[in-house]
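Trainee: Okay, here's the structure, questions in a sec.
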Amino acid sequence: MTATLALAVSIIALILIVGLTIMVIDQARIVKACKKAYFSPVTIDVVGDKNNVPARAHAHDAGFDARINEGVHLAPGERALVTTGIRLGVPEGYYVAAVPRSGMAHKVGVTLNNAPGTIDAGYEGIVYLNLINHSPKHVVLHKGDRVAQLIVQRVQPAIMRQVNALDGDTARGTNGHGSTGVQ
């Protein structure tokens with residue numbers, strides 16, 4: 001009876017070990033699939049200053065801070081196309097939006113002239129930022145300054161279909177700028 005009990009315990013232990021192994025393998029597959037679905041694989045080729053790799057300031061930030069790869073002087077109202085010294089490999093189904101950094105816009109008065117700038121999948125050239133100085137003062141930016149953020153976004157597939165007229169059955173209709181008042 002003891003040998004039978006030992007055999008039964010051994011079989012149960014073996015079943016548990018096999019079951020746990022299958023669960024661990026399945027969990028690993030699930031984690032891998034989630035990581036694949038959650039993280040979009042944008043690659044970066046740094047052709048300028050090797051310290052200019054975009055990075056998040058905090059782990060859960062949406063944007064990666066982008067640095068400029070050259071110094072620039074901007075008079076009030078002046079615009080400049082400034083290089084980041086990086087090239088991005090954006091996968092199909094994604095794009096990268098270049099948006100202003102709020103501190104730079106508020107404290108210095110420099111922002112992106114075309115915010116958000118769009119970096120499409122398929123574009124492999126150097127990323128430039130279209131800066132504008134909204135400050136009443138001359139602004140000097142230095143190589144390595146963080147001036148924008150890069151946010152990776154999914155593209156929503158869509159088509160535009162031409163029609164002779166729109167349905168015209170909305171509460172807003174053709175009421176545009178200022179139609180809801182200013183206060």
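Trainee: Just to verify a result, which residue in the stretch 47-71, among those that are open to solvent by 20 Å² or more (accessible area, probe 1.4 Å) and part of a strand (DSSP E or B), is farthest from Val127 (Cα to Cα)?
Mentor: Step by step, filter the stretch 47-71, then rank; the result is Ala55.
Trainee: A follow-up question, please. Please identify the pairs in which a residue from the stretch 139-153 that is free of Cβ contacts under 8 Å to residues at least 60 places away in the same chain and more than 15 Å from Ala105 (Cα to Cα) has its Cβ atom under 9 Å from the Cβ atom of a residue that is open to solvent by less than 50 Å² (accessible area, probe 1.4 Å) and of a type in the set (S, T, N, Q), counting only partners at least 6 apart or on another chain.
Mentor: Correct list of pairs: Gln153/Ser40.
Trainee: Scan the stretch 118-128 and give yes if some residue there is more than 29 Å from the chain's Cα centre (by Cα) and under 24 Å from Ile68 (Cβ atoms), otherwise no. Please lay out each step first, then the result.
Mentor: Taking the stretch 118-128 first, the residues more than 29 Å from the chain's Cα centre (by Cα) are none.
No, the stretch 118-128 contains no residue that is more than 29 Å from the chain's Cα centre (by Cα) and under 24 Å from Ile68 (Cβ atoms).
The values are calculated or read from the model by the stated rules, or taken from the named source; none is laboratory data. Because the structure is predicted, anything quoted here is derived from the model rather than measured. Positions of Cβ are backbone-derived with ideal geometry, glycine not excepted, and every protein chain shown enters the neighbour counts. Each accessible area value is taken on the protein alone, full model and side chains, heavy atoms only, with ligands, DNA and RNA left out. Shrake-Rupley method; radii C 1.70, N 1.55, O 1.52, S 1.80 Å.
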